[in-house]
Every structure is written in C-alpha cells, then in structure tokens.
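Contents: one structure, followed by commentary.
Quick note: the coordinates plus some simple rules give every number you see, no bench work behind them. The structure presented is a predicted model; accordingly, all values stated were derived computationally and were not measured. FYI the Cβ positions are ideal-geometry reconstructions off the backbone, even for glycines, and counts take in every protein chain you see.
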Amino acid sequence: MNKENEFAGVWNDMTDWFSSEEWKETRNGFYFESEDGKSMFVYEDLGFEERTETSIQLTLWLGDLPFVLQEEKNDSKVEYRLIVPPYKESYYNPRDSWCGVVYGPDGKMEKNRNVKGLPKKIDMEKTVELFIKQVAEKNFAVPKLVKCL
C-alpha cells in the first residue's frame, strides 16, 4: 500500500478528533493543550486555494520546542517533511520558514546538518504513522524518528 492511500484516511479522520470538546478551533485549524498547559498539538490547513496543491501542518509543541509534520499534496502526489530540533539560525530553510533540521520526502536529513544524535535517514512512512498515532493518543512525548536500516 502506498503512503498516499495509507495516510489519506488518517488525515481525514482528524476532523472527527477536532469535533471533540478537547480541541479548540483557531483561524487556520485546531489545537489541543496538555493538562499542564505546557505542551500542545496544533493542526493547521495552509492550503493554497488558488492552486492545485494543499498543505497541512501538524505541530507538537513540547514547551517551546516544535516538532513539525508537513503534508503537501500536489496533482495527486503526496509528500511529507518533518522538522525537528535543534533550531539554529544556520539551519534556516526559506521554503518552510523554519530553522530546524528538515527531513525531506525521501526521509533524508537535508544536507549540511550533521547533527549528533539524529539519524541521517529515517523511514518517513513509519515515522509519519507513529506521529499521527501519537496525536490520536494525545501523547505529549518526543516523536520517534524511525531510523532507516
């Protein structure tokens, strides 16, 4: 099963999660706070209405550290990007407007990052699956990056 079919239903099911009283609505999406108020999940639909592409962003804020999962759909092609700490000015990526370490659709860490403690390549499909499951379970923990073998 390819990732376009595998995750399409899961992203669509998120609207059911958002209808619960625990999720609060924002201008571009929804958010859910942890009980202590220090962490939250933020779902944003950043779609470009005029064009054929859409962009969805799901962010897990652990304190002031964001872990960002982006889904971009363009002409029936689905791509994922994952942006994780550490956040440094030298890691600034104008495409995403984030300063973190970016894993592209192929699961490879963007060039010139060489960050100790992070894998150079991840299994993007498995990582996305676990991240979405973590949101469904409202689990405020550091997302698991599944290293490619």
How long is the gain from Asn139 to Asp106 if the chain were fully straight, where each residue apart is worth 0.36 nm and the alpha carbon distance is subtracted? 9.3 nm
Separation in nanometres of the label points that stand 7 Å from Cα toward Cβ, at Asp123 and Lys88: 3.0 nm
Give me, ordered by chain and number, the residues 5 or more places off Tyr87 or on other chains with an amide H under 5 Å from its own placed amide H. none
Just to check I understand the Karplus step: with θ = phi - 60° and J = 6.51 cos²θ - 1.76 cosθ + 1.60, what whole-Hz values come out for the stretch 142-147, glycine and proline as x? 4, x, 8, 8, 8, 5
